[in-house]
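Readers should treat all values here as calculations from the given coordinates under stated rules, not as data from a laboratory. In this text, all values refer to a predicted model and were calculated from it rather than measured experimentally. For neighbour counting, all protein chains shown are included, and Cβ atoms are generated from backbone atoms with ideal geometry for every residue, glycine included.
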Amino acid sequence: MIYLILATISSALVSVMMRLSESRMKNNISTLAVNYAVCVLLAGFYTGVPEVFPGKTGMGFAAGLGALNGFLYLSAFILMQISVRRNGVVLSTVFMKLGVLVPAATAIIFFGEMPEAVQVCGFAVAVTAIVLIHLEKDQTDVTFKSGLVLLLAVGGSGDAMAKVYEELGSAEFEEYFLSCTFIAALILCIILTMGKRQRLAKEDVLFGALIGIPNYYSARFLLKSLSYVPAIVAYPTYSVSAIVLVSIAGVLLFGEKMNVRRKIAIALVLVALFLLGTG
């Protein structure tokens, strides 16, 4: 459970750092590239030099799935940007967070993880809390607008890759899998940066690094937590717990107000966490 707690804290820190960088970074893609570069450096530190050379059984699978994961990481970010322009930030955020349905379904359908009834209830409460905490009262008509389902599917598929690797990959090459994930994302990000002709400012380097450190550890600790916690419990706990921490940080650091709807959502999150931890 300690890995899941550390993954949650790291995920919340990513959101806090991104919030801090909103009005300060010069180029969003350049900042993202620095973020992935930092992730690559950290992954390389944990992987070690001898292990980066292919040839051992299981490395090819780790490299291939990692590259796919990196593609999904960056694709989800791009789809999020497109969806925000088309559908607004609220609906886009809701569907991005609801991507938690994909890894949970993957664990049940493909890997035979059968949750207990109380955990199913906890999962349902967690999904309700995600919708409630993001959805504004004037946007309760959630229609399947352009790109929203695709955003959910791609973002959720990226999250599900950790479970796929935990089940099918070798524990020996977990760090190699993460290295390939962030290398692929970095390469694609550099291509986008060059295509947009964005220059690298010192603010991009600073905030890219501040985002990249917790971003790497959130992925690392989540992957490790799946060896000890069922995916049907780990993913919704990871998602809704991070929401609670970010909400608290919003109040304490950014002076945000907690309206009645958000207070109810936080209460639902606590109920969900209790139910998910039961059984």
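At a glance:
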read-out: Sites residue 261 and residue 56, calculated FRET efficiency, Cβ-Cβ separation with R0 51 Å, nearest 0.05; value: 0.45
read-out: Links that overshoot a 19 Å alpha carbon limit, given the list 163/224; 26/257; 97/257; value: 26/257; 97/257
read-out: Coordinate range along principal axes, alpha carbons of the chain, Å, largest first; value: 52, 44, 35
read-out: Full-stretch length increase - residue 203, residue 109 - with 0.36 nm per residue and alpha-carbon distance subtracted; value: 29.4 nm
read-out: 220, 86, 199 arranged by Cβ crowding within 10 Å, fewest neighbours leading; value: 199, 86, 220
read-out: Spin-label model distance (nm) - residue 41 vs residue 131, 7 Å beyond Cα toward Cβ; value: 4.3 nm
read-out: Relative exposure of 133, 211, 183, judged by other C-beta atoms within 10 Å (fewest first); value: 183, 133, 211
read-out: Linear extension gain, residue 20 paired with residue 172, 0.36 nm per residue minus alpha-carbon span; value: 51.1 nm
